[in-house]
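Reading through the structure tokens given below for one structure.
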Amino acid sequence: MSVIAHLEELKKKHQSLSDQVDMAQRSPGIDQMEVATMKKQKLKLKEEITRLSS
């Protein structure tokens, strides 16, 4: 897999997680630990995207 294809895949995963976090935060009774875990995963993806982009 090329770096560009890998970056695109990471960006798709990041966007998907972002959407999931947004939906979870709007849902009543959502487990805040689950939201925090998703946010950490999202941050790791963002860091990887930044690292590969430079």
(request) Would you point out which residue out of GLN25, GLN32 is surrounded by 12 or more Cβ atoms within 10 Å (Cβ to Cβ), polar (S, T, N, Q) and at pLDDT below 95? (result) GLN25
(request) State whether the residues of the stretch 24-31 include one that is under 13 Å from the mean Cα position of the chain (by Cα) and in contact (Cβ under 8 Å) with a residue 12 or more places away in the chain. (result) no
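The values are calculated or read from the model by the stated rules, or taken from the named source; none is laboratory data. Computed from a predicted structure; not experimentally measured. FYI the Cβ positions are ideal-geometry reconstructions off the backbone, even for glycines, and counts take in every protein chain you see.
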